[in-house]
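Asker: Sharing a structure, written as C-alpha cells. Questions coming.
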Amino acid sequence: MPSLAPLPSRAASASQGLVARLEQALNAPDHAGLEALLAPAQREQLAPRLRRFAQRFANARWRLSVGDRLPDGRLPVAVSVSGTTEKDGLLFSLEASQQLAISTEAGLISGQELLQDQSLLVNARGSLPVTLLIPDAVLTGSRYDVDVVLDEPLGQAMVAGGLTSLTSDQVHEQRSPDIQLEPMGGGGLFKSVQAPFQPGVQTWAAMLVHPDGVITVTKQVRVVNDRSQL
C-alpha cells in the first residue's frame, strides 16, 4: 500500500488558513480584509506602517509561509516582499524578508515578535548582485562583522560606502537615515562593530555606491545574553 502523508490537525489547518488570508489581504490593492484578521491593538500598530509602506511600494507582492507552532504556542511565519518604487527619476527594486513569531487569540493576530529582518534596495543599470554577511543574532558585548560583498569583480571601478545604526523611531517610522560615504576597497563594505552590553536589537543601514548603481541594505541583529538563543 502506498504511504499516506499525515493529515494536518484542525489547529494546524486553522493556522495555515489564517496566514493564507493574511497574505491575500496584504496583496489586495487596498489591503482589504486586513483589519478583520487583527486584534484592535495590532490594527493601531500595523495600519499606519502598512500605509506608509504602500505609499512607497504600491506594487509590492507579499509571500507568507507558516511552520509548526513553537513550544510557547506562537506561529513562526516567514515573510518575503518584493516591489519597485521611483524617486527623483530613478527606479529602485526592493527584496525583503522577515521571520515573525505571531501570537493568536480567538482566531485573530494579537501580537508579533520580529525575529529576523533584512531588506535590499537596488537601483542599477543591470544586475548588481551582492551577498549580505551579517548575523541574525549575537551575544551581548561581542564584536561582529557587518559585510556587504559585491559578487562580481570590480576591475578598475571604485566603490563608496557607509554604515550607520538606526534608532527605534527611524525603524518604526521608516525614515531614511543620513549615511556618510567613504571610499571602499576589496569589493564591498566590511565593518567590525560591537554589540551593546544589554539584550535587545541593533538595526543597521548600509549603502554602497557603485558605477553601475546604488545598493541600500537594512538588517536587524538580535542581541542576546544566552548562547542558546543564537
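The values are calculated or read from the model by the stated rules, or taken from the named source; none is laboratory data. On a predicted model such as this, the values are computed, not experimentally measured, just so you know. When we count neighbours, we look across all protein chains shown, and the Cβ atoms used for this are built from the backbone with ideal geometry, even at glycine. Accessible surface is based on the protein model in full, side chains and every heavy atom, while ligands, DNA and RNA are left aside. Shrake-Rupley method; radii C 1.70, N 1.55, O 1.52, S 1.80 Å.
Asker: Can you find even one residue in region 178-195 that is closer than 21 Å to Glu113 by Cα, among the hydroxyl-bearing types (Ser, Thr, Tyr) and open to solvent by 50 Å² or more (accessible area, probe 1.4 Å)?
Answerer: Within region 178-195, none of the residues are closer than 21 Å to Glu113 by Cα, among the hydroxyl-bearing types (Ser, Thr, Tyr) and open to solvent by 50 Å² or more (accessible area, probe 1.4 Å).
Asker: Okay, next question. In a strand (DSSP E or B) and open to solvent by less than 80 Å² (accessible area, probe 1.4 Å): does that describe Leu91?
Answerer: Working: in a strand (DSSP E or B): yes; open to solvent by less than 80 Å² (accessible area, probe 1.4 Å): no.
No; evaluated as a whole, the condition is false for this residue.
Asker: Give all pairs with beta carbons closer than 6 Å in which a residue from region 185-201 that is within 11 Å of Val148 (Cβ to Cβ) meets a residue that is of a type in the set (D, E, K, R); count only pairs at least 6 apart in sequence or on separate chains.
Answerer: Final answer for the pair search is Phe190/Asp147.
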